[in-house]
1. Relative to the longest principal Cα axis of the chain, at what angle does helix 310-326 sit, 0 to 90 degrees, rounded to 10?
2. Rounded to the nearest Å, what's the spacing between the alpha carbon centres of segment 142-213 and segment 1-73? Just the number, please.
3. What is the set of long-range amide H partners of residue 3 at a cut-off below 5 Å, with H atoms built 1.01 Å from backbone N?
4. Work out which GluC sites (Glu not before Pro) in the chain are exposed loop sites (DSSP not H, G, I, E or B, at most 12 other Cβ within 10 Å) and give the longest gap free of them.
5. Rounded to the nearest 0.05, what FRET efficiency do residue 341 and residue 49 give with R0 = 41 Å and r taken as the Cβ-Cβ distance? Could you check?
6. Looking at segment 55-154, which trypsin sites (Lys or Arg not before Pro) are DSSP coil and have at most 15 other C-beta atoms within 10 Å of their C-beta?
7. Work out how much length residue 252 to residue 195 would gain on full extension: take 0.36 nm times their residue separation and subtract the Cα-Cα distance, in nm to one decimal.
8. I'd like to know which of 263, 120, 321 lies farthest towards the positive end of the charge dipole of the chain, counting +1 on Cβ of Lys and Arg and -1 on Cβ of Asp and Glu.
Amino acid sequence: MSKKVVVLPGDDAAPEAMGPALAVLRALELDIQFVEFPPGEQWVKGETVVQVRRAIDASDSTLFGATSGKTQGIGYLRWGKGTYANVRPVSWQQGYRSPLARPEGIDFVIVRENLEDLYLGVEAPLPALAPAHLMSASTGKPLDTTDEHAQIAVKVISEKNTRRVAHFACQLAMQRKAAGGKGKVTCSAKYNMLRHTDGLFRRVVEETVAGYPELSYQQFIVDDFARRIVQTPHELDVVVLPNLYGDILSDAAAGLIGGLGLAPSGCYGDTYAYFEAVHGSAPDIKGLGIINPTATLLSAEMMLSYLGFSSAANRLHAAISKVYAQGRTLTPDQGGRASAREFGAAVIDAL
Ligand code: NAI
Ligand code: MG
């Protein structure tokens, strides 16, 4: 079962994580053909974007670094391929440099709706809303749309997208339960304030979870939930969030276990999935060779599972765990002095 994987190393420091991660993947000697593109800085404007789209269409999955804008057309991986569920595991293991006194046992997954909310990127000057004659629920008066210098952003929450991401979260909670997990879904949004958008999200998630009697359900207003993530992370299992809160809180959750260098993700649709670290392109450490490749490697592990290489995924996970348990070859974000390459070499040794 030969598979084809597009590799987009991304921008700034991201390619310095992708290089070692790809070396590890090659060392697994799987029947995967890697279709590699250069870092964003080397892209030929316009041309490369078309080639990338074609390659993505002809592939089984994509492993992506992170972009600060030079790698373009990435929206295609999300909106073009309909990858609506962004799965972000938050799992501490021995050797991770958590700021918590007792990080043992932190093991939850954020499922972030990936296609709508404020991320549709629809912004406009406020007067564009004048023809709609909208009311403000807060002031009880018609919305004043006369300030030409004010800007709006459109937040869309649809029942259809919420329902499918909620089902995805429930199925994930069922799988985790079968493997000894808590069987619990937690939903959070600002539904007290945003009754029609976040209120819809909350209602649809609650209704969806009710269709899975084996699962328990909790919901929290998002400001309180941010506190809960920090104070009682051990109680969480599968957390389902709208796009913006999911983006913000997954960086916070990464901080719990030891930072962005350790936080992987996968974006799943009905017919395609791609994988990328939670972090961005880390421009502040560009060129230093010290970016932690773990997040990219754990994303690659998720990709291997998705592609059906489960035993290779397990081998990769065990090798990463071993390197952390030994603690001799860690990158500076984890208190070590190893470069990204040296870390990658240690993982290959551990395989
Ligand atoms: P960032 O995640 O790139 O970096 C935040 C901090 O964490 C920096 O100090 C960075 O050095 C550190 N960091 C991140 N990943 C690390 C790793 N693997 N190992 C060690 N340290 C790591 O977020 P920032 O600085 O807010 O954004 C930088 C650029 O990335 C922006 O242009 C932003 O738009 C873009 N970005 C792209 C994303 C994507 O393509 N999926 C996601 C998030 C941000
Ligand atoms: Mg983010």
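Just so it is clear, none of the values below were taken in a lab; they were calculated from the coordinates. None of the values given here were measured: they were computed from a predicted structure. All Cβ positions, glycine included, derive from the backbone under ideal geometry; neighbour counts span all protein chains shown.
1. So the inclination is approximately 80 degrees.
2. If you average the Cα positions of each part, the centres end up 31 Å apart.
3. Long-range HN contacts for residue 3: 32, 33.
4. 215-351
5. So, using R0 = 41 Å, E works out to roughly 0.90.
6. 70
7. Computed gain between residue 252 and residue 195 is 18.0 nm.
8. Positive-most Cα among the choices belongs to 321.
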